[in-house]
Amino acid sequence: MPAHDLTGTGGGTRPTMARSMWRGAIQFGLVTIPVRLYLATDSKGIAFNMLHASCLNRIQMKTYCPFHDDVISRGDTVKGFEYAKDQYVVITDEDLASVPLKTVRSIEIEKFVPARPAEDEPVRFVKQAYYVEPEPIGKKAYALLREVLAEQGLAAICKVVIKDREVLAALNPHANAMVLETLHWPDEIRATDELDLPADDVEIKPAERKMAAQLISAMTGGFDPTEYRDEYRQALEAVIEAKVEGRAIAEPDEAPVGGQLVDLMAALEASVNAARTARANRDEEAAAEEAVAGRTAVAGRRPKKVVPAAEDAEQVEAPARKLVRRKSA
Amino acid sequence: MTRRTTGEPLPLQFAPTASRLPERIVPMRPTDGEGPFDDPRYFFEPWWPGIRAFVLVEDGAVRLRAEALGDPTAAFPELAGVAELVRSDGVVLDATLMVLDARGRPSRTLLERRLAGEGGSCGSGGPGGRAGTSRGSAALVASDLLYLEGTSLAALPFGERRGELAALLSPSSWCLAGRGFIGDGTTVATALGALGFRALSARRLDAPLRPGPARDAWYRVPVVAAPRELPPFLAVLRRLPL
């Protein structure tokens with residue numbers, strides 16, 4: 001039955017790590033490594049149901065035929081393929097059964113390629129990632145393949161039969177496991193021709209290029225996914241939770257929460273005070289030595305060390321005297 | 001050629017009105033310093049990660065002039081509120097304009113989005129009031145006072161201008177005269193490095209305002225974000241993307 005699901009929506013299966021969604025084997029020359037696949041990712045969107053506004057009952061979607069002006073049962077439908085505008089050919093279950101299907105559940109390695117795509121190589125558009133787990137008898141071969149891939153910086157391009165259909169995939173080492181990423185077929189990837197993109201000969205001044213490079217380098221760093229969160233979903237969950245508990249929903253506030261800049265100033269002050277304390281402790285010994293040696297700070301435009309202790313070099317905020325001029329106004 | 005090197009004075013044109021404020025301000029330009037130093041004649045404060053802006057308050061109206069921007073007032077409507085915080089009139093502030101994210105940290109991304117004109121239209125047009133989180137809130141840290149009651153303070157030493165500034169501006173959660181420290185620049189630099197700041201502003205307290213290159217009146221000193229033996233809470237603060 002799943003073979004006939006041409007829409008490919010995959011129904012409402014809710015994957016968990018507990019259950020493998022595929023069993024088969026990695027085929028690699030004469031080597032066969034029996035493995036299981038587990039979905040590596042989970043989609044965390046928030047789904048809503050449609051209710052009738054007046055009675056709040058879940059609405060039903062009926063199959064309706066506009067020609068007969070009638071609700072019909074699903075059993076009364078056939079599959080049609082629109083080969084031209086409003087022109088359909090009926091595809092029966094027999095037609096589908098006649099399509100030669102691969103039933104061997106295998107991950108057939110076709111080629112080894114660099115794990116990171118070269119610059120002139122098209123982007124590998126990933127559909128879905130799976131964790132690959134070896135069956136007990138395949139553990140050693142699995143470890144060997146993973147080690148070699150990791151060592152050589154390679155990924156294996158392979159064809160996998162999942163749900164009776166063949167998909168393109170890349171097998172990558174990932175920590176102490178391997179990850180299989182199913183890829184889109186080349187003809188599924190849209191061309192960029194229709195986009196309004198800047199021409200190759202856009203004139204960029206060296207100064208602009210330099211500025212852009214500076215900006216980029218200032219913002220360059222390692223990628224730590226844990227720094228990022230789906231803030232929209234969190235906010236939405238909070239809204240839902242508040243409603244469930246009957247609380248009023250906190251309006252997203254346009255204005256800043258009070259004291260933000262003040263907090264920043266406080267953090268700054270705390271930091272400077274901490275640094276001063278650390279400095280004072282360190283300087284105590286040094287200061288004693290210097291006193292013995294009778295050294296004074298070098299007079300000059302920029303003495304290396306401030307002469308008095310940091311204590312009386314106080315914060316400015318208040319010192320200046322008022323201008324007389326202001327009083328007259 | 002529309003780009004200017006930072007060394008040249010930047011002419012800022014103001015609308016020709018019967019203003020007591022100048023039509024054109026040639027800003028003082030900081031000298032690039034080599035490293036932090038201690039000197040009791042200098043006032044040290046963070047180099048706030050934003051854009052330099054001149055805020056003009058006259059007859060209760062606020063005008064904003066920023067480097068390389070025509071009219072940033074449109075992108076920062078909140079700043080009209082500065083007029084209420086200033087206890088005088090005919091005022092020009094030299095300030096840094098930032099955009100704070102939901103957690104109150106200066107965000108370059110949000111600032112750039114605002115400057116690109118996205119903030120106004122996209123933010124408020126978003127569904128369900130998501131505007132608040134995506135736009136951030138504007139924040140202004142004033143560092144110098146150029147005009148008071150329509151009169152230039154250029155001849156006053158910085159220390160006195162700063163004192164006037166502190167007396168002039170009622171602190172609020174989004175607009176303040178910046179916190180600063182006299183003398184121990186190296187200690188302040190250590191603290192700023194730990195907080196994630198990239199640079200330190202060092203202004204000479206006895207220096208008058210000087211259009212163009214500041215020479216020794218004002219240094220922009222780079223700060224090295226070196227890990228130090230600081231309390232753990234500061235280690236957390238160090239992650240602030242400043």
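The numbers here are math on the coordinates, done by the rules we state, and not lab data. In this text the structure is predicted, and so the values were computed from the model without any measurement. Note that each Cβ is placed from the backbone with ideal geometry, even for glycine, and that neighbours are counted across all protein chains shown.
Restrict the search to region A:193-245; then list the trypsin sites (Lys or Arg not before Pro) that DSSP places in a loop and that have at most 11 other Cβ atoms within 10 Å of their Cβ.
Here the sparse-neighbourhood loop sites are A:ARG229.
Using amide H atoms built in the peptide plane, which far-off residues or other-chain residues are under 5 Å from B:GLY33 H to H?
Counting only residues 5 or more places away or on other chains, the set is B:ARG220, B:VAL221.
Could you sort out which of A:LYS85/A:LYS159; A:LYS127/A:LYS210; A:LYS85/A:LYS163; A:LYS44/A:LYS159 sit more than 32 Å apart by Cα distance in this structure?
In this structure, A:LYS85/A:LYS159; A:LYS127/A:LYS210 lie more than 32 Å apart at Cα.
Short version: ³J(HN,Hα) in whole Hz for each residue of region B:31-38, in order, from phi by Karplus 6.51 cos²θ - 1.76 cosθ + 1.60 (θ = phi - 60°), x for Gly and Pro, what are they?
Running phi through 6.51 cos²θ - 1.76 cosθ + 1.60 with θ = phi - 60° gives 8, 6, x, 8, x, x, 8, 9 Hz.
Applying the Karplus parametrisation 6.51 cos²θ - 1.76 cosθ + 1.60 with θ = phi - 60° to the phi angles of region A:75-83, what ³J(HN,Hα) value in whole Hz is obtained for each residue in order, glycine and proline being reported as x?
x, 8, 9, 10, 8, x, 10, 7, 8
For a footprinting-style exposure proxy, rank A:VAL272, A:VAL262, A:VAL160 by other Cβ within 10 Å, fewest first.
A:VAL262, A:VAL160, A:VAL272
Which cross-chain or sequence-distant (5 or more) residues have an amide H under 5 Å from the amide H of B:TRP47, H modelled 1.01 Å from N in plane?
It is B:ALA199, B:LEU200, B:SER201, by chain and number.
Out of residues 5 or more away from A:LEU183 or on other chains, whose amide H comes under 5 Å of its own, with H placed 1.01 Å from N in the peptide plane?
Amide H neighbours of A:LEU183: A:LYS127, A:LEU168, A:ALA169, A:ALA170.
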